[in-house]
Every structure is written in structure tokens, then in C-alpha cells.
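Shown next, in C-alpha cells, is the structure this report addresses.
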Amino acid sequence: MLFAACIAFFAGSAAASDLETEKAAAVVYKTGMALLENDAAPREEAMKLFQQVLLQYPTSEAAKWAELRAAICLYYLQRYRDAADACQVIIDKYPGELVAAWAQFHKALAINDLGNYAAAAQEFAKVEEYANLPDHGPIDYARHRAGRTFAELERKVGYKATLATFGVNPQDTRKAAWTFMIWAIARVTTADFGFADIYFNELRTRYPEFTDYAAAAAAEIGSHTLDYLERDRQTSEKAINYLLLPRQLHPQDTWTVTKAELRLASHYMSIMRDYPTAQQLLQNLVDTAPDCDLANEVRYRLAQCLVSRKAFAEAAHVYAAICADNPLSGWAESASYMRGCCLLSAGDAAQAKSVLEETANSEAITAYWRLAARKKLIQAYISTGEKQRARLLLEEDLALLRQTLADCRREGDSDRAVRLEKSIQALSERAARLVTSGGGQQR
């Protein structure tokens, strides 16, 4: 369980060091992340890269996250006690910070996998102490994982014994309310919608004062109900009502409200094709919760909505805001590429080429988006008559592909070699067409 989309290690600030150092640290960190997210890659290799960040860029913002990822590597290597201890070091080193919240979650996860469910329940509950942070990602994951453990134990030893294991005292109303919340979440994640409704209603009836827990449960029930039964109109209407509850129940929890309405906007975009309603929802979130840690995702979905409505210039402006807010985040990588595409569609070819060139040549951006930017840049050059520049880019890509093909043949990777040969043939034909159609204007 990695949460690459949930943890943006720069968190909107590169104050710990200068931007160039952050960029250099980001390159190594992201390479380590690619290995960590690849189930076939050895975790030890990923750990070496995270340790490299710690050694070479100790003052960078990336370093604290590299330390967390190294602890996660220990978890994946099933060194659960070592992972828990490494997480505790991070908790002590960065008190009250987001990285400590994630470390607290992973510590609980490691203890849970050691089979100490009573201690794990206490550690999962401790993640709630970070509710003042703008990012509730670790809290959400802790609630899900604690709920799953609760449900698994309930099936094995019964309800009362599970309550005892989780240390639930009827006089501790907040802990009891937390238990009903994670129970409801656990049920809906396994499509037990009826039980999820029951536990949600019990939570609201028995503990009406804990509106934060009720709002969180409502957001999860609504989201997961749509995940399973989004195209069923009657069920989707019920889910929509759940997703509207967080703003009514606990509007000060901007994370939960934003997450719920983001999911609702996605439903209106992907299923209902109601882009005006989705745009209104998203724009309202941009206006009312600009500091929420989900703000860049909200902006990204708003830009997607604008693209669907062919408002390309407006979309480009929103994508630019994402890049300016946090230029080294994952959202900024794709936003930089999409901004170039939107500018091209809006007729601003000059600005589009400038943005795409910057994206294609940025070492801080992962290879996927650099390659995508190069492909779009070739299209931009062709559209403006700069066929010679387009051909030069194609020839550079061909040289790289041929070298990769030679490496594959040497390593005996015949399947990938066949795919590369087809790509080389297609690019060669495209380059040849550019030659026969003339070099175009030189710029």
C-alpha cells in the first residue's frame, strides 16, 4: 500500500532548500518511488535510492519523505519490527507534521502484521491526533485499515471480544463513536451496503455530537457506493445524498467535504455528463477551500471539466496555477503537459511550444510526461510548418529507440524487441514523410 497520489512530499513548499537542490533530490526520490511501486523490482534497490537522498540532500524537503519510504521498504521486506521502530524515529523527529502522521499509520500497519491487534488498534487511533493537518490522507487510510482489522476479528472471535481487543470502553464515547465509524467504512468497502447504513445510523443516533466521524463515514459510504453501483440511478441518488452530508454535518472539515464533493463532481462528469454541475461544484471548492491539501486535485479536475466543455484557454490557466503552486508535485507534471496541449487547442501555438519544450526538457519531470510532451511538441511543429524541427526530434527519438533495441537484443528480451521494432518502423515512416513533404520553415 503506497499512496503515491496521497503524499506530495513537497506539500506546496520548498523552503527547506533552494529549488535546484529540491529538483535534484526529486529526481532520485521519484526513481526510488518507481522501483517501490513496481512489484517486480527488489525493495532493496528502492531503499538504496531513498538512502541516497538522505545522504546527498539531507536538508531537502524530499529527505524526510525518503526516510519514510525507507521505512516502508522495511515493511515490504516483512521486517515489521524494524519498520515500526523506523517509523517511531520519524514520529519523534517531525512532531505534528504530515510525514509523522504517515509514519504513525505505517507503524500501526507493521504492528498489525505482527499480530498484535490490541496494540495496533491503539496505534491506528493515534493517527486521529493529526486531524489539524490540511491533509487527512493518513487518517483515511488508518480508518480503512483499522476497520478491516475490526471486521476480520469480529468474524473470528465475535463482536464483544473485538470491542475488548480494540479497548472500547462504553464510557469513552469518542472511542466508541470511532469504532462505529470504522465499522461502517469496513462494511461499505466490501459492498455490505445495508450494514454500512445500519452502523452509520447507529453512529448518528448514539453519538450525535461526533459530527466529524459521521461526516467521514458519509463520505466513504457515498464514494464506495458509487464505485460499486454508479450506473444504478436509484443507488446513485442515495450515494449523492451521502456525499452532500459532510458539508451539512461538519463543514469545517474541509478535507472530508472536498473529498466527498470531488467524488460527486467525478460522477457528474463521467456518468451523468453534466459538466456545468461538475464545474460549479469544483469551482466552489476552489473558492471555499483553497488551502486544502486536495486543492490541486480539485483544480486538475476543474481543468478536465473545462477541456470537456472545450474551454481550452480557461483550462490552460487552471493548469498553470497548479504548476505555479507546487512545481515539483505529481499533479504539476501532468498539468504542465496538459497546459501545453490546451494552449495548442486554444490557438496559442507559440506559448504551447514554449511550455511543451520546458516540460520535455525538465529532469524533474518523470520520463512518461517528458515523452508525451515531445510527441505533442512534434505535432505542434508540424502544425506551424516547422517540419525540420519536428524531423530532428523524431530522429532523436529514433536514435534512442535503436539503442534501446540493441540493449534488448543483447539481453535476450525478444518480446520487447518486437514492440520496439514496430515503434521504430512507425517513427521512421513518419520522419520519411516529413522529408518528402519538405523541410518547412526554419525557426
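The values are calculated or read from the model by the stated rules, or taken from the named source; none is laboratory data. Only a predicted model underlies this, so the values are computations on that prediction, with no experimental measurement involved. All Cβ positions, glycine included, derive from the backbone under ideal geometry; neighbour counts span all protein chains shown.
Here Y57, Y80, Y29 are screened, and the one residue that is surrounded by 15 or more Cβ atoms within 10 Å (Cβ to Cβ) and modelled with pLDDT of 95 or more is Y80.
Check the stretch 193-206 and report whether any residue there is under 23 Å from T258 (Cβ atoms) and in contact (Cβ under 8 Å) with a residue 60 or more places away in the chain. So far as the stretch 193-206 goes, no, none of its residues is under 23 Å from T258 (Cβ atoms) and in contact (Cβ under 8 Å) with a residue 60 or more places away in the chain. Each residue in the stretch 207-251 was checked for being polar (S, T, N, Q) and outside any helix (DSSP H, G or I), and 0 pass. Name the residue that is nearest to E395 (Cα to Cα), counting only residues in the stretch 357-381 that are aromatic (F, W, Y) and touching a residue at least 24 places away in the same chain (Cβ under 8 Å). Only one residue fits best here, namely Y381. Consider the stretch 187-202 and keep the residues that are of a type in the set (S, T, N, Q) and part of a helix (DSSP H, G or I). The one that is nearest to R145 (Cα to Cα) is T189. What do you reckon, is Y268 buried (at least 17 other Cβ atoms within 10 Å of the Cβ), closer than 21 Å to V318 by Cα and in contact with a helix residue (DSSP H, G or I) (Cβ under 8 Å, 6 or more places away or on another chain)? So Y268 fits the description; yes. Restricting attention to the stretch 113-133, the residues that are among the acidic types (D, E) and surrounded by 15 or more Cβ atoms within 10 Å (Cβ to Cβ) total 2.
Taking (1) more than 25 Å from W183 (Cα to Cα); (2) part of a loop (DSSP other than H, G, I, E, B); (3) touching a residue at least 40 places away in the same chain (Cβ under 8 Å) in turn, A41 satisfies each apart from (3). Pull out all pairs, ordered by first then second residue, where Cβ-Cβ is under 6 Å, the residues are six or more apart or on different chains, the first lies in the stretch 256-279 and is without any contact (Cβ under 8 Å) to a residue 60 or more places away in the chain, and the second is β-branched (V, I, T) and part of a helix (DSSP H, G or I). As it stands, the answer is Y268/T277, since those pairs meet every condition given. Among the residues of the stretch 107-126, those identified as assigned to a helix (DSSP H, G or I), touching a Phe, Trp or Tyr at 6+ places or on another chain (Cβ under 6 Å) and closer than 12 Å to R81 by Cα are A108, A110, D113.
The residues on offer are A406, A417, A360, A373, and the sole one that is small (G, A, S), closer than 29 Å to G32 by Cβ and touching a Cys at 6+ places or on another chain (Cβ under 6 Å) is A417. Could you list, in sequence order, the residues of the stretch 322-349 that are assigned to a helix (DSSP H, G or I) and more than 18 Å from the chain's Cα centre (by Cα)? Listed by number, the residues that qualify are A324, R339, G340, C341, C342, L343, L344, S345, A349.
When P95 is tested against (1) of a type outside the set (A, V, I, L, M, F, W, C); (2) assigned to a helix (DSSP H, G or I); (3) at pLDDT 95 or above, exactly one condition is not met: (2). Hey, could you check the stretch 47-82 for residues that are in a helix (DSSP H, G or I) and of a type in the set (F, W, Y) and say which is farthest from the chain's Cα centre (by Cα)? Step by step, filter the stretch 47-82, then rank; the result is Y80. Would you say S362 is surrounded by 13 or more Cβ atoms within 10 Å (Cβ to Cβ), part of a loop (DSSP other than H, G, I, E, B) and either in contact with a strand residue (DSSP E or B) (Cβ under 6 Å, 6 or more places away or on another chain) or not aliphatic (A, V, I, L, M) (or both)? Criteria met by S362.
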